[in-house]
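Have a look at the structure below, then the notes.
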Amino acid sequence: MDILNALVAFLNFVFVPAFGYGCQLALGALGVTLIFAVLRFSSFAHGDTMAFGTVMAIGFTYVLQANGITFGPLPTALLALPFAILCTALMLLGTDRLVYRFYRKKRVDPIIVTIASVGVMFVMNGINRLIPWGGVEEINFADGSRFLMEAAAFKEMTGLKEGLAIKTTTAVTVVTAALCVAALFWFLQKTRTGKSMRAFSDNEDLALLSGINPERVVQVTWIIVAALATIAGVLYGLDKSYRPFVYFQLLLPIFSAAVVGGLGSPLGAIAGGFVIAFSEVMVTYAWKKVAGYLFPADWLGDGLLQLLSTDYKVAVSFAILLLVLLVKPTGLFKGK
Amino acid sequence: MAQRNFLLFAAVGLLFVLTGILMSWNVSLQILNIGVLSAIMALGVNMQWGYAGLFSTGIMGSVALGGLAVVLVSSQPNPENWAAGGPQLLMSLALGVAVIAAAIIAAQKMALGRARNFTIAAILILGFFAYRYFFDQASLAIETINPENAGNLGGLGLPSYIAWIVGALMAAAAAWVIGKTALGLRSDYLAIATLGIAEITLAVMKNEDWLARGVKNVIKLPRPGVPYEVDLQQAPWFLSFANNIGADPITASTIFVKLVYLVLFGAVLLGLIWLSERALHSPWGRMMRAIRDNEDAARAMGKNVKARHLQIFILGAAVVGLAGAMLTSMEGQLTPGNYSPLRFTFLIWVMVIVGGSGNNLGSVLGGLLIAWLWLIVENAGPVIMSYATYFLPDGGLKSHLVESAAQLRLLTLGVILLVVLRFSPKGLIPEK
């Protein structure tokens, strides 16, 4: 029995990675859920929007680095974020003008708009791969110091056998995500534009009657979505790496998170992000090490105590999605 | 109307003829065969979308399940691997199914409350560990024998045609599970759930080596009665035939094989078109379109909307699974790494929308046209790009653009989809 070591091993291998990943998923799911709440369709292009924002951030990072500008111990990409968000916002507003506005005016069935978003996904996917500094290969663009706390230093400090390492990128992820969520909720609850967005989401006709300009609401939504998607994409890319195909595949956990939380509910998107992230990590983690501290060795056998191999991460988010659809289709936080 | 359709098909046919003359007949026929298979997939998707308005993003999953069926049914058996753990593995799978069935029965029979939730959780958790205990032993035993060449259970050694039917049935079974869960909810949920099942199908195929060797691929799958090129080149009748038409026997044999496939696949396609047209113009087809156009009215007339949706969803998936099995039979190998959602889900969608949703002939036309575009841009993309970047100085940017020109097809098809959806939402051949 060695509860402290077990706890540290759990924090190091499960809690910290899952928490960081959960923040990234939550930001992604917030984007999906906001599009759904205001524009009333599920955007299949969201993964590629995140990829676009990340490619833009990578480009500006290179420019900054070439001019000798870095962010000290923090990744330079954070300095590039505002420029990248601007580019993504312009791109999304352009897409809305060219594609989505037409269907909004005609008030077509949402599923048609969803199909249009598949077309947008194709186009963006192609653009991302054609961008000179992008391409299809993996890109690591994290710089600055690698660790906020190194495993060895932690061991020395506490005298425990297990180390706790916290990557700078994980810490950056958590802090940035917290700031974003706080800003978003302040905006939705307190500002006039935020209130009109919520009103528009609750009841479009009533909102129109009370003089809200729908085009303005939609534009503001796209700008917020651009910010959320770019930040989510950059944080994920800093923590792991950037690759267009991986970002496309993030679509499934992000959708699952949004549906689990309740499509259209921002609070739900955050909860859903953490539910999906923690389930993915916990189900695919080999618990041998943690259990080794808690139980006598001969109780455990030879297995790795891993419920599913890591290749089945995608199955976990899907299984939770199915469960929610079966038991509570509106999600944890009563979506639409 | 009929004249216009004929012209459209003639135009697409001309594309293939031009490809044959300008590039080679071998390439043209290869693209045409894939086009015919894509057309069958598009027919299946058209049933789901065009007849019933169901948006599924799991087409790749049905295609992959069809391919898996070919390995399980028509490849040669691996008796040693089977003896090592085959029966145990089947028993553990049966146990897994029994656990899920027990949980479902408990969910249905017991009264709502804490006792019910607890029982269901206990059944599932204990059942999962019991299942894993037997399953792990069996799969390990199978995978350790002869992993270089086999390491999987192998197939039944039955004819490919049976594999095609099994492929359709497997895709149908997967569709039943998804349909049961996600139909009757918001239409987006079906799209999201099907995206998931396709990814899981692929994850299973990539990682379960005992099933179909995972990413090590299964090669040398038998052909569906189609002769091999090397045999043709030895056969006296074929040599004299090639001599008579004055062709090189090697080129002639590759073209001959592709023509045989074309006849085979074309016959399946024509049969399916005939069946689909009959179904669409039967009372059942009218009911389907009535449901699609106004669910509430159809429900008020006493139609069971959810059951009909489930039915057509399964039918469509089965047709796609059939085409997936035929594709794997033609390629002679199963490579799970080649299945990508862009190629096998969203591209098929472009075919259906461009061709004309709700119209079977439209889907076929879209399938042939888009398959041609997709495969030709792959070949012609770099050439076009090198012309387009003619004015740029030689160097990094230019070579990057030329190299990534193959990605142009994503852009092209996206633009085509958006343009058709906006300016001609009924497609090339509109629904009557």
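Taken together, the values in this text are just the output of simple stated rules run on the coordinates, not laboratory data. What you see is a predicted model; the values in this text were computed from it and never measured. Positions of Cβ are generated from backbone atoms using ideal geometry, with glycine treated the same way; all protein chains shown enter the neighbour counts.
One table, with the values for the structure above:
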quantity: Amide H partners (placed H, <5 Å) of B:Val218, local residues excluded; calculated: B:Leu334
quantity: Region A:122-161: GluC sites (Glu not before Pro) in DSSP loop, at most 13 other beta carbons within 10 Å; calculated: A:Glu137, A:Glu138
quantity: On Cα atoms only, tilt of A:168-190 relative to the major axis of chain A in degrees; calculated: 40
quantity: Lysine pair number, Cα distance threshold 26 Å (strictly under), region A:3-327, separation 8 or more or different chains; calculated: 17
quantity: For chain A, the fraction of alpha-carbon pairs in successive 10 Å shells from zero, as %; calculated: 6, 24, 32, 23, 11, 4, 1, 0
quantity: Full-extension gain in nm, B:Ala102 to B:Leu259, via 0.36 nm per residue minus C-alpha separation; calculated: 51.4 nm
quantity: Estimated vicinal HN-Hα couplings, Hz - region A:245-254 in sequence order (Karplus 6.51, -1.76, 1.60; Gly, Pro = x); calculated: 5, 5, 5, 4, 6, 5, 3, 5, x, 5
quantity: Cα gyration tensor, the protein assembly as shown - rounded (a/c under 1.5), prolate or oblate; calculated: rounded
quantity: Förster radius 25 Å - calculated FRET efficiency between A:Asp109 and A:Arg216 (Cβ-Cβ, nearest 0.05); calculated: 0.50
quantity: For region B:375-425 versus region A:147-161, the gap between their alpha-carbon centres in whole angstrom; calculated: 52
quantity: Backbone N under 12 Å from the B:Arg343 label point (7 Å along Cα→Cβ), restricted to region B:28-72; calculated: B:64
quantity: Mean ellipticity per residue at 222 nm, deg cm²/dmol - from DSSP H runs of n ≥ 4 across chain A, formula -39500 (n - 2.57); calculated: -22500 deg cm²/dmol
quantity: Per-pair calculated FRET efficiency, R0 = 51 Å: B:Phe6 and B:Arg116 via Cβ, rounded to 0.05; calculated: 0.25
quantity: Distance in nm between pseudo-label sites at A:Gln65 and B:Glu378 (7 Å out along the Cβ direction from Cα); calculated: 3.4
quantity: Linear extension gain, B:Gln76 paired with B:Lys306, 0.36 nm per residue minus alpha-carbon span; calculated: 78.7 nm
quantity: Whole-number Å³ per residue for the convex hull built on Cα positions in region B:1-91; calculated: 165
quantity: Label-to-label distance, nm, for residues given as B:Leu14 and B:Ala130 (7 Å Cα→Cβ offset); calculated: 6.8
quantity: Sum of -39500 (n - 2.57) over DSSP H runs of 4+, divided by residues of chain B (222 nm, nearest 500); calculated: -25500 deg cm²/dmol
quantity: Degrees separating the helix A:16-39 axis from the principal Cα axis of chain A, which is the longest one; calculated: 10
quantity: Amide H contacts of A:Phe71 (H built 1.01 Å from N, under 5 Å, at least 5 apart or other chain); calculated: A:Thr76
quantity: Extension gain, B:Glu148 back to B:Arg223 (0.36 nm per residue minus Cα-Cα distance, nm); calculated: 24.7 nm
quantity: Relative contact order, percent, chain B [alpha-carbon distance under 8 Å, six or more residues apart]; calculated: 31
quantity: Karplus-derived 3J(HN,Hα), 6.51/-1.76/1.60, for each residue of region A:266-281, Hz, glycine and proline x; calculated: x, 4, x, 4, 5, 4, x, x, 6, 4, 5, 5, 5, 5, 4, 5
quantity: For A:Phe147, residues with placed amide H under 5 Å, excluding near neighbours; calculated: A:Thr168
quantity: Part-to-part distance (alpha-carbon centres) for region A:1-58 and region B:126-178, which is given in Å; calculated: 34
quantity: Filtered trypsin sites (Lys or Arg not before Pro), region A:141-196: DSSP coil and at most 13 other beta carbons within 10 Å; calculated: A:Arg146, A:Lys161
quantity: Cα gyration tensor shape of region A:1-94, rounded if a/c is under 1.5, else prolate or oblate by comparing a/b with b/c; calculated: oblate
quantity: Karplus 3J(HN,Hα) series, Hz, for region B:237-251 with 6.51 cos²θ - 1.76 cosθ + 1.60 (x for Gly, Pro); calculated: 4, 6, 4, 5, 5, 5, 5, 4, 8, x, 10, 5, x, 5, 4
quantity: Overall form of chain B per C-alpha gyration tensor (a/c, 1.5; a/b vs b/c); calculated: oblate
